[in-house]
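The values are calculated or read from the model by the stated rules, or taken from the named source; none is laboratory data. Computed from a prediction, not measured in an experiment: that's the story for all the values here. Positions of Cβ are backbone-derived with ideal geometry, glycine not excepted, and every protein chain shown enters the neighbour counts. Note: accessible area is taken over every heavy atom of the protein model, side chains too, but ligands, DNA and RNA are not part of it. Shrake-Rupley method; radii C 1.70, N 1.55, O 1.52, S 1.80 Å.
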Amino acid sequence: MNQEQRSLLLNSSSRFLPPQGVKLSYGTSGFREDALLLSSTVYRVGILAALRSLKTQSVIGVMITASHNQVSDNGVKIADPSGGMLSQHWEPFADAIANAPSPQHLIQLIDEFVDKERIPFDGVKPAEILLGRDTRPSGEALLQAAREGVTSIVGAVAMDMGILTTPQLHWMVRARNKGMKASEQDYFEQLSSSFRCLMDLIPAEKGKSSGMNDKLIVDGANGVGGVKLKVLQKLLNVLDIEVRNSSDDEGVLNDGAGADYVQKEKVVPRAFGSKDSGIRCASFDGDADRLVYFSVPHESNSTIDLVDGDKMLSLFAIFIKEQLSFLNEKEDIKDCHQARLGIVQTAYANGASTDYLKHLGLEVNFTPTGVKYLHEKAAEFDIGIYFEANGHGAVLFSESFVGWLEAKANKLSSGSEAEKAVLRLLAVSKLINQAVGDALSGLLLVEVILQHTGWSIHRWSELYHDLPSRQLKVKVADRTAVITANAETVVVSPPGLQDAIDAETAKYPQGRCFVRPSGTEDVVRVYAETSTQEATDTLANSVAKLVDQFLG
Ligand code: G16
């Protein structure tokens, strides 16, 4: 770095001093903290984004969001050139600069990293960063901090894309780097046109014959998703959707509403109740990168029948598998047998879902929690479907498979089953956000598949019966003391904790239990599964006590 660059950094970084006594970590999905502590972190991530843009000579995204966390928190994460998560190889640098105690330390770290990574400063395209934020009140000021970080790198340009869902920002970064149209309007148009294409391909004898309740009620978690869904709905003009808990309403972001609340507590969100029984309902999280469905049973005021990410995965897998089978039936396109369909889950996947998917003959893979891991694994297949039980997921198509489909589309006889299957798969590859899990695009795919199969939410829910499960959070002195292995199913440290968990779990038939430190909240998470709800709750509570004893 030259002198001009050093003094620019020194000047601006002295206005963003880090909080005392807080250890920041890039975590499962970027930095998350109380918003009052974050301005220096966000400023420094702005610098990191500009360096990443110089290094990759591509557009990079910075999203200000804390997704499912409470409204007083905020966070920041980077979208890499592909639109996916920041390369894990840069995470240690992110941690180091976020925690640098002074501007001098910060500049020294940047200097060393620039040399090590050979980041070019001269004679290259200047850095270009897209900035987005969700609806959190702290977002606007933090976005300014990010902008100052970006522009403290000479020549770097920051563009404020306004209030967006997290997946929209990731989509824009991907589209920009592919030289495609990349505005918010382009996003809505891509989703609505691919959705219409799938609707037009629904077999005449299916669709409306289902007895499926046409109305869908969506809980927007009082975040950005409900607002954007209303825009999308106007373009679609075919779905009957009522949006509740949209941020125009009175409710507080993620408070008693949203996908995280609904999936973990298994109760109706705010503004829903017995009046909605029998109707298909869905829930977004605060930045609309998660989606779960649910229905309210007739006799219930608050409990729900949850249709989580695992069941969405199963629905998508059935549909994709069916389309591939149409291709395989056709003699002249037998080469499609080589199309590899892969499934990716985490340890939170309900055991019944994994059994079901394996029973369908699918290859099921496991990764640790975090979209960054699942997405990477799913990208190894021609079609990779990944979902976390909490509703984060996508259907990824490899570029070579999309190329193969495009070539086939022109050769197949018009109106044949094989041609329709090819067109459906191509439409899914456009409808589903290829950059990251996206509640809006996921919702449209669910809706069209339900019409395609003629299934109600109840028929869908009956695909298999979840084993009773329970998730708990335990507050401990230092959650980083918990170290896990084997896709987070085994605790390696502190010593003795795993043996104690094993001894407890062995008391329950079909018992399964694991603990892991959250990467987004200051807690250790406990997950338990057994054959009855009562036993599951007892197991989860006993293991939560063990966590407290070992770490409290
Ligand atoms: C983020 C990640 C997800 C993860 C979730 C919870 O979601 O993107 O992959 O499942 O955090 O992570 P943890 O259990 O480590 O707290 P979101 O929707 O909060 O961005």
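Could you identify the single residue in Ile119, Ile107 that is of a type in the set (Val, Ile, Thr), open to solvent by less than 30 Å² (accessible area, probe 1.4 Å) and part of a loop (DSSP other than H, G, I, E, B)? Explain how you work it out, then say what you get.
Working: Ile107 fails: part of a loop (DSSP other than H, G, I, E, B).
Unique residue meeting the criteria: Ile119.
Given the criterion among the charged types (D, E, K, R), closer than 25 Å to Asn237 by Cβ and out of contact with any helix residue (DSSP H, G or I) (no Cβ under 6 Å at 6 or more places or on another chain), identify the matching residue among Arg118, Arg176, Arg136, Arg196.
Details: Arg118 fails: closer than 25 Å to Asn237 by Cβ; Arg176 fails: closer than 25 Å to Asn237 by Cβ; Arg136 fails: closer than 25 Å to Asn237 by Cβ.
Unique residue meeting the criteria: Arg196.
Any chance you could count how many residues in the range 258-308 are over 24 Å from Thr346 (Cα atoms) and either within 16 Å of the chain's Cα centre (by Cα) or not charged (D, E, K, R) (or both)?
In the first step, residues of the range 258-308 are kept if they are over 24 Å from Thr346 (Cα atoms); the result is 268-281, 295-303.
Next, from what is left, pick out any that are either within 16 Å of the chain's Cα centre (by Cα) or not charged (D, E, K, R) (or both): 268-269, 271-274, 277-279, 281, 295-298, 300-303.
Of the residues in the range 258-308, 18 are over 24 Å from Thr346 (Cα atoms) and either within 16 Å of the chain's Cα centre (by Cα) or not charged (D, E, K, R) (or both).
Any residue at all in the range 484-507 that's outside the structural domain of Tyr348 (by TED's automatic domain parsing), touching a residue at least 24 places away in the same chain (Cβ under 8 Å), part of a helix (DSSP H, G or I) and within 16 Å of the ligand (Cβ to nearest atom)?
Quick first cut of the range 484-507, residues outside the structural domain of Tyr348 (by TED's automatic domain parsing) only: 484-507.
From the residues that got through so far, the ones that are touching a residue at least 24 places away in the same chain (Cβ under 8 Å) too are 484, 487-491, 494, 496-497, 500-501, 504-505, 507.
Now restrict to residues that are part of a helix (DSSP H, G or I): 497, 500-501, 504-505.
Now drop any that are not within 16 Å of the ligand (Cβ to nearest atom), which leaves none.
Scanning the range 484-507, I find no residue that is outside the structural domain of Tyr348 (by TED's automatic domain parsing), touching a residue at least 24 places away in the same chain (Cβ under 8 Å), part of a helix (DSSP H, G or I) and within 16 Å of the ligand (Cβ to nearest atom), so the answer is no.
Within the range 457-478, which residues are over 17 Å from Gly309 (Cα atoms) and crowded, with 17+ Cβ neighbours inside 10 Å?
Here is the first cut: in the range 457-478, the residues over 17 Å from Gly309 (Cα atoms) are 472-478.
Those that are over 17 Å from Gly309 (Cα atoms) and crowded, with 17+ Cβ neighbours inside 10 Å: Leu472, Val474, Val476.
Which of the numbered conditions does Val402 fail, given that it passes all the others? Conditions: (1) open to solvent by less than 10 Å² (accessible area, probe 1.4 Å); (2) under 23 Å from the mean Cα position of the chain (by Cα); (3) among the β-branched types (Val, Ile, Thr).
Just one mismatch for Val402, condition (1).
Restricting to the range 212-232, name every residue that is touching a strand residue (DSSP E or B) at 6+ places or on another chain (Cβ under 8 Å) and open to solvent by 40 Å² or more (accessible area, probe 1.4 Å). Steps first, answer last, please.
Taking the range 212-232 first, the residues touching a strand residue (DSSP E or B) at 6+ places or on another chain (Cβ under 8 Å) are 212-227, 229-230.
Asn213, Asp214, Lys215, Val227, Lys230, listed by residue number.
Please verify whether Asp305 is surrounded by 24 or more Cβ atoms within 10 Å (Cβ to Cβ) and acidic (Asp, Glu), treating the condition exactly as stated. Before the answer, list the steps.
Values: surrounded by 24 or more Cβ atoms within 10 Å (Cβ to Cβ): no; acidic (Asp, Glu): yes.
No.
So in the range 352-375, with the set limited to residues that are assigned to a helix (DSSP H, G or I) and farther than 20 Å from Thr520 by Cα, which one is farthest from the chain's Cα centre (by Cα)?
Restricting attention to the range 352-375, the residues satisfying the condition of being assigned to a helix (DSSP H, G or I) are 352-359, 371-375.
Adding the requirement that they be farther than 20 Å from Thr520 by Cα leaves 352-359.
Numbers: Ala352: 22, Ser353: 19, Thr354: 20, Asp355: 23, Tyr356: 23, Leu357: 21, Lys358: 24, His359: 26 Å.
So, considering only residues that are assigned to a helix (DSSP H, G or I) and farther than 20 Å from Thr520 by Cα, the one farthest from the chain's Cα centre (by Cα) is His359.
If a residue has to be in a loop (DSSP other than H, G, I, E, B), surrounded by fewer than 23 Cβ atoms within 10 Å (Cβ to Cβ) and more than 13 Å from the ligand (Cβ to nearest atom) to count, how many in the range 20-45 make the cut? Steps first, answer last, please.
To start, the set of residues in the range 20-45 that are in a loop (DSSP other than H, G, I, E, B) comprises 20-27, 29, 38.
Filter once more, keeping what is surrounded by fewer than 23 Cβ atoms within 10 Å (Cβ to Cβ): 20-25, 27.
Checking the rest, the ones that are also more than 13 Å from the ligand (Cβ to nearest atom) come to 20-24.
Counting residues in the range 20-45 that are in a loop (DSSP other than H, G, I, E, B), surrounded by fewer than 23 Cβ atoms within 10 Å (Cβ to Cβ) and more than 13 Å from the ligand (Cβ to nearest atom) gives 5.
Return yes when Ala535 is within 16 Å of the ligand (Cβ to nearest atom) and in a helix (DSSP H, G or I) and no when it is not. Full working, then the answer.
Details: within 16 Å of the ligand (Cβ to nearest atom): no; in a helix (DSSP H, G or I): yes.
When the stated conditions are applied, Ala535 does not pass them.
Provide a single number: the residues in the range 148-173 that are assigned to a helix (DSSP H, G or I) and surrounded by fewer than 24 Cβ atoms within 10 Å (Cβ to Cβ). Reasoning before the result, please.
Taking the range 148-173 first, the residues assigned to a helix (DSSP H, G or I) are 148-151, 166-173.
Within this subset, residues satisfying the condition of being surrounded by fewer than 24 Cβ atoms within 10 Å (Cβ to Cβ) are 148, 151.
Residues that pass the stated criteria total 2.
Is it true that Asp522 is charged (D, E, K, R), open to solvent by 10 Å² or more (accessible area, probe 1.4 Å) and at pLDDT below 95? Lay out the reasoning, then the answer.
Details: charged (D, E, K, R): yes; open to solvent by 10 Å² or more (accessible area, probe 1.4 Å): yes; at pLDDT below 95: yes.
Spelling it out, Asp522 is indeed charged (D, E, K, R), open to solvent by 10 Å² or more (accessible area, probe 1.4 Å) and at pLDDT below 95.
Based on what the data block shows, is Asp289 touching a His at 6+ places or on another chain (Cβ under 9 Å), assigned to a loop (DSSP other than H, G, I, E, B) and either open to solvent by 10 Å² or more (accessible area, probe 1.4 Å) or within 23 Å of Pro167 (Cα to Cα) (or both)? First the steps, then the outcome.
Numbers: touching a His at 6+ places or on another chain (Cβ under 9 Å): yes; assigned to a loop (DSSP other than H, G, I, E, B): yes; either open to solvent by 10 Å² or more (accessible area, probe 1.4 Å) or within 23 Å of Pro167 (Cα to Cα) (or both): yes.
Spelling it out, Asp289 is indeed touching a His at 6+ places or on another chain (Cβ under 9 Å), assigned to a loop (DSSP other than H, G, I, E, B) and either open to solvent by 10 Å² or more (accessible area, probe 1.4 Å) or within 23 Å of Pro167 (Cα to Cα) (or both).
Considering only residues that are assigned to a helix (DSSP H, G or I), touching a helix residue (DSSP H, G or I) at 6+ places or on another chain (Cβ under 9 Å) and not polar (S, T, N, Q), which ones fall in the range 55-89?
Listed by number, the list holds a single entry, Lys55.
Scanning the range 46-64 for residues that are open to solvent by 20 Å² or more (accessible area, probe 1.4 Å) and not small (Gly, Ala, Ser), which turns out nearest to the ligand (Cβ to nearest atom)? Give the derivation first.
Initial filter on the range 46-64 (open to solvent by 20 Å² or more (accessible area, probe 1.4 Å)): 52, 55-58.
Then keep just the ones that are not small (Gly, Ala, Ser); that gives 52, 55-57.
Details: Arg52: 19, Lys55: 24, Thr56: 22, Gln57: 27 Å.
The extreme case among them is Arg52.
List the pairs whose first member sits in the range 98-111 and is in contact (Cβ under 8 Å) with a residue 40 or more places away in the chain, whose second member is open to solvent by 20 Å² or more (accessible area, probe 1.4 Å) and hydrophobic (A, V, I, L, M, F, W, C), and whose Cβ atoms are under 7 Å apart, counting only residues at least 6 apart or on separate chains?
Ala100/Leu109; Pro103/Leu10; Ile107/Leu10; Asp111/Met1
So for the range 440-454 (the condition being open to solvent by 30 Å² or more (accessible area, probe 1.4 Å) and more than 12 Å from Gln323 (Cβ to Cβ)), does at least one residue qualify? Spell out the reasoning first.
From the range 440-454, those open to solvent by 30 Å² or more (accessible area, probe 1.4 Å) are 453; that's our starting set.
Then drop every residue that is not more than 12 Å from Gln323 (Cβ to Cβ), which leaves 453.
Checked the range 440-454: at least one residue is open to solvent by 30 Å² or more (accessible area, probe 1.4 Å) and more than 12 Å from Gln323 (Cβ to Cβ).
Can you find a residue in the range 82-89 that is of a type in the set (Gly, Ala, Ser) and either open to solvent by 40 Å² or more (accessible area, probe 1.4 Å) or farther than 24 Å from Ser25 by Cβ (or both)?
Going through the range 82-89, the residues of a type in the set (Gly, Ala, Ser) turn out to be 82-84, 87.
Among the residues that remain, those that are also either open to solvent by 40 Å² or more (accessible area, probe 1.4 Å) or farther than 24 Å from Ser25 by Cβ (or both) are: 82.
Checked the range 82-89: at least one residue is of a type in the set (Gly, Ala, Ser) and either open to solvent by 40 Å² or more (accessible area, probe 1.4 Å) or farther than 24 Å from Ser25 by Cβ (or both).
Give the number of residues within the range 49-79 that are more than 28 Å from Asn222 (Cα to Cα) and in contact with a Gly (Cβ under 8 Å, 6 or more places away or on another chain).
Within the range 49-79, residues that are more than 28 Å from Asn222 (Cα to Cα) and in contact with a Gly (Cβ under 8 Å, 6 or more places away or on another chain) number 2.
Can you tell me which condition Val492 does not meet? The list is (1) modelled with pLDDT of 95 or more; (2) open to solvent by less than 60 Å² (accessible area, probe 1.4 Å); (3) β-branched (Val, Ile, Thr), and all the others hold.
With (1) modelled with pLDDT of 95 or more; (2) open to solvent by less than 60 Å² (accessible area, probe 1.4 Å); (3) β-branched (Val, Ile, Thr) applied to Val492, the lone miss is (2).
Being farther than 24 Å from Val227 by Cβ and either touching a Leu at 6+ places or on another chain (Cβ under 9 Å) or in contact (Cβ under 8 Å) with a residue 40 or more places away in the chain (or both) is the filter here; which residues of the range 172-198 pass it?
So in the range 172-198, the residues farther than 24 Å from Val227 by Cβ come out as 177-180, 197-198.
Scanning the range 172-198 gives Asn177, Cys197, Leu198.
I'd like to check something: does the range 137-147 contain any residue that is part of a loop (DSSP other than H, G, I, E, B), more than 30 Å from Gln3 (Cβ to Cβ), in contact (Cβ under 8 Å) with a residue 24 or more places away in the chain and open to solvent by 10 Å² or more (accessible area, probe 1.4 Å)? Reasoning before the result, please.
Initial filter on the range 137-147 (part of a loop (DSSP other than H, G, I, E, B)): 137-138.
Narrowing the set further to residues that are more than 30 Å from Gln3 (Cβ to Cβ) leaves 137-138.
Applying the additional criterion that residues be in contact (Cβ under 8 Å) with a residue 24 or more places away in the chain yields 137-138.
Restricting the remaining residues to those that are open to solvent by 10 Å² or more (accessible area, probe 1.4 Å) gives 137-138.
Scanning the range 137-147 turns up at least one residue that is part of a loop (DSSP other than H, G, I, E, B), more than 30 Å from Gln3 (Cβ to Cβ), in contact (Cβ under 8 Å) with a residue 24 or more places away in the chain and open to solvent by 10 Å² or more (accessible area, probe 1.4 Å).
Take the range 508-526 and flag every residue that is touching a residue at least 60 places away in the same chain (Cβ under 8 Å), near the ligand (Cβ under 10 Å from one of its atoms) and outside any loop (DSSP other than H, G, I, E, B).
Initially, the range 508-526 is screened for residues touching a residue at least 60 places away in the same chain (Cβ under 8 Å), giving 510, 512, 514, 516, 518-521.
Still in the list and also near the ligand (Cβ under 10 Å from one of its atoms): 516, 518-521.
Within the range 508-526, Arg516 is the sole residue that qualifies.
A quick yes/no check of all residues on (1) more than 17 Å from the chain's Cα centre (by Cα); (2) within 14 Å of the ligand (Cβ to nearest atom):
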| site | (1), (2) |
| --- | --- |
| Ala66 | no, yes |
| Val71 | yes, yes |
| Asn74 | no, yes |
| Ala79 | no, yes |
| Ser87 | no, no |
| Asp95 | yes, no |
| Pro101 | yes, no |
| Gln104 | yes, no |
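If Lys430 satisfies every condition in (1) more than 16 Å from the ligand (Cβ to nearest atom); (2) not in a helix (DSSP H, G or I) but one, which is the exception?
Exception for Lys430: condition (2).
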